[in-house]
Amino acid sequence: MRLVTISKSILPGKSVVSVQNSPASQKRTIALIGPPNSGKSTLFNRLTMLNQKIANYPGVTVEHRMGKLVCADTSEIELVDLPGVYGLTPYSEDEAVASRVLRGEMPGVARPAAVLIVLDSTRLERHLMLVPAVLSLGLPTLVLLNLADDLETRGGSIDLVQLAGQIGAPVALISAKKGTGLSAVTRFCKHPTDSSSENPFRVIQSVSACHKWAHRVGYNSGYHAPQPSVLTRKLDAVLLHAFWGPILFAAVVLVVFQSVFSLGQPISNRLQDGLSSFGNSIFLRIPEGWFQSLLLNGIWRGLASILVFVPQILLLFLFIGVLEDSGYLARAALISDRTMSRIGLNGKSFVPLLSAYACAVPAIMATRTIENRRDRIATILVTPFMTCSARLPIYTLVIATFVPDRRLLGGLLGMRAAAMLSLYLLGFLAALLTAGLLKSSILKSCGMPFVMEIPKFRWPSARSLLLRLLERCRVFVVDAGTIILIVAIVLWILTYLPLHDGKPPVIGQSAIGIIGRFIEPLIQPLGFNWKIGIGLLTSVFAREVIVGTFGTIYGVDPATRSLNLREALRHDLTPGAAAALVVFFAFAMQCTSTLAIVRRETNSWKWPVLQFLYMGVLAYAAAWVTNFGASQFLRL
């Protein structure tokens, strides 16, 4: 039995016509698809809340999110957030994946029972070009015109009944940011609507034909585009200015790093005191012996040493999220295109490089939008130079330990923030120089034009930012915490072996001490002792593990057990060696996950091996120069 219903939109006098089926199966998968910057991910976050998971499709590196629809009844509806695409022609890996999922050709992923197409209502004709390709598949489809509040505020309008009739599918006007109009989405997900039996879209095969169709549909539907945002025009006149644009971008970067230290460091200090007091109050009640040592000196101090940096990492992600959601990062990519073009790349490479400040793994996956293979490989090879969040704990620890808290530039910038900014700039310059070297030699290619859709400026959604921060916090604590827990237990065991008369040896004569002494001659020219060497070894699994390693080793060693981690580092490192340590981390490839994703993206071991060796040699040489230069300078 088929039921015809009319759902009111949020605009007066407008409605959405939909033809619904009777209740279907209790469990189904519904795909969410839309062009980039259409608000698709915001809608996905609102519909699923935190009930979602992130994974890769089988056989490819495209990331996807799946989550359960949060609704009142007990039906189990799973939403799949597909990559942002403008069409389903498989020119890029994103488009190929989206097409295969919708056709039911992706191994391990069930064909969706229905599709939600999310379009930006303020750019309707441009985004409508995705609709024919999706509707031609014959799946029940609901077209969602997002940013309804923006359309109304800026004087735009559309006749939803006419639009639904033009495309042969139900249409709803929504605002994912404010949560308005989502009742139509929930009803559709519970009872997917059939598409028209006669589908005319199979004949639309070319881009020009699709563009003409979209223009005609918009005209026949009474679509009036909203007036351009006055605020956006005024801001773009300054932010995209050839002279003032880069200066303002540099100012934004300075504010971010100053805030990470000035706001994050006091919180981290209080958190460190709280974690230390909590650990002592709990584990000192256990009778003294190997079990207490394992829990307190091994596991707890290893985990606590990394947890204290969560506030600063979340602050960094908060600033990145605000800049991205507001639309500023897209403009930063345009500004950077002038610099990137000089080394043979374009603004498309800037987006992955910028996202690498969070993590290199998804950043390398983001290079799939770069059409030129040589440009893509060059971007992949230099992306790990960008300072990811995993470097932030060791940077923050060393800077807070050895750099005095003084003010620069008349009090506008702190010396610690300046040191942090210098390390970020060092990695960025290394990426640019290496890219220039690659593009002028083994990866030389012709230049490609850079075309990018610039979104209007808008206020970021506090709800979306909060969900993103909670997800980032969970990923950091769970992923890093799991590795650190395993490493801490293994390190503690190695500090207790071999037993002498049933008692643990002096740490220098333990198994971990023997391994450290073995590699010490190699790292001694850098100013490092064997304890620092053990940290470098364990950090190959994940960079942030080095801080947990220090927490465990210095916690087990009787000579430093009573000291906090900063005091212990002052005991073992000179200022020159401390500078060499962070310079080594700025250049070295210490992340097995990154190496694995480079192997998958390039489909060859040649590039990750070359990348690891090049970055390792550069890191060692730069650390030696830093230690030697600092030592000579301090003698003056």
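The values are calculated or read from the model by the stated rules, or taken from the named source; none is laboratory data. Being a predicted model, the structure only gives us computed values, none of them experimental. Counting neighbours? That spans all protein chains shown, and the Cβs are built from the backbone with ideal geometry, glycine included. Just the protein is used for accessible areas: all its heavy atoms, side chains included, with ligands, DNA and RNA removed. Shrake-Rupley method; radii C 1.70, N 1.55, O 1.52, S 1.80 Å.
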Item to check | Additional length obtainable on full extension of the chain from VAL230 to VAL207, 0.36 nm per residue less Cα span | outcome: 5.1 nm
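Mind checking the per residue accessible area of the chain for me, 1.4 Å probe, whole number of Å²? Don't skip to the end; give the middle numbers.
Numbers: 28330 Å² over 636 residues.
With all protein chains present, the chain gives 45 Å² per residue.
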Checklist entry - What net charge is computed for the residues neighbouring HIS215, neighbours being all others with C-beta under 11 Å from the C-beta of HIS215, Lys and Arg scored +1, Asp and Glu -1? => result +2
Checklist entry - Of the peptides 379-388, 504-513, 144-153, how do they stack up when ordered by the mean number of other Cβ atoms within 10 Å, highest first? => result 379-388, 144-153, 504-513
Item to check | Inter-label distance, nm, simple model (7 Å from Cα along the C-beta direction), VAL70/MET415 | outcome: 4.7
Next on the checklist: What is the distance in Å between the Cα centroid of region 414-437 and that of region 75-147?
Outcome noted: 39
Item to check | Sequence ranges 222-228, 396-402, ranked by mean other-Cβ count within 10 angstrom, highest first | outcome: 396-402, 222-228
Item to check | Approximate spin-label separation LEU563-ALA242, in nm, with each point projected 7 Å along Cα-to-Cβ | outcome: 5.6
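Around PHE587, under 13 Å between beta carbons, what's the net of Lys plus Arg minus Asp minus Glu among the other residues?
Local net charge: +2.
Relative contact order for region 221-355 using alpha-carbon pairs under 8 Å, separation at least 6, rounded to a whole percent?
Reported as a whole number, the value is 24 percent.
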Item to check | CYS210 accessible area, 1.4 Å probe, all protein chains in place, Å² to nearest 10 | outcome: 10
Next on the checklist: Let me check something: with ligands and nucleic acids excluded, how do ASP159, ASP81 order by accessible area (1.4 Å probe), largest to smallest?
Outcome noted: ASP159, ASP81
Checklist outcome for this item: For ILE484, ILE320, the accessible-area ranking with a 1.4 Å probe, largest leading, is ILE320, ILE484
Checklist outcome for this item: With all protein chains in place and a 1.4 Å probe, ARG103 shows an accessible area in Å² (nearest 10) of 100
Next on the checklist: Just to be sure I understand the rule: take each whole DSSP H helix in the chain, project its Cα atoms onto its long axis, keep it if the span is 30 Å or more and its mean Kyte-Doolittle hydropathy is at least -1.0. Which ones pass?
Outcome noted: 244-283, 415-439, 606-635
Checklist entry - If you rank ASP479, ASP405, ASP94 by how much accessible surface each has, with a 1.4 Å probe, what is the order from largest down? => result ASP405, ASP479, ASP94
Checklist outcome for this item: Partner lysines whose C-alpha sits under 22 Å from that of LYS40, ignoring same-chain residues fewer than 8 away, are LYS8, LYS53, LYS68, LYS177, LYS178, LYS190, LYS348, LYS456
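If you take every residue apart from PRO226 with its C-beta less than 12 Å away from the C-beta of PRO226, what net charge results, scoring Lys and Arg +1 and Asp and Glu -1?
Numbers: positive: ARG123, ARG154, LYS456; negative: ASP120, ASP149, ASP150, GLU152.
That sum, taken over residues with Cβ under 12 Å, equals -1.
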Next on the checklist: Tell me the carbon and sulfur percent of the accessible area for the chain, rounded to whole percent, probe radius 1.4 Å.
Outcome noted: 64
Checklist entry - Roughly how much of ILE286 is accessible, in Å² to the nearest 10, using a 1.4 Å probe? => result 40
Item to check | Among 131-141, 493-503, the order from most to least packed when residues are scored by Cβ within 10 Å on average | outcome: 131-141, 493-503
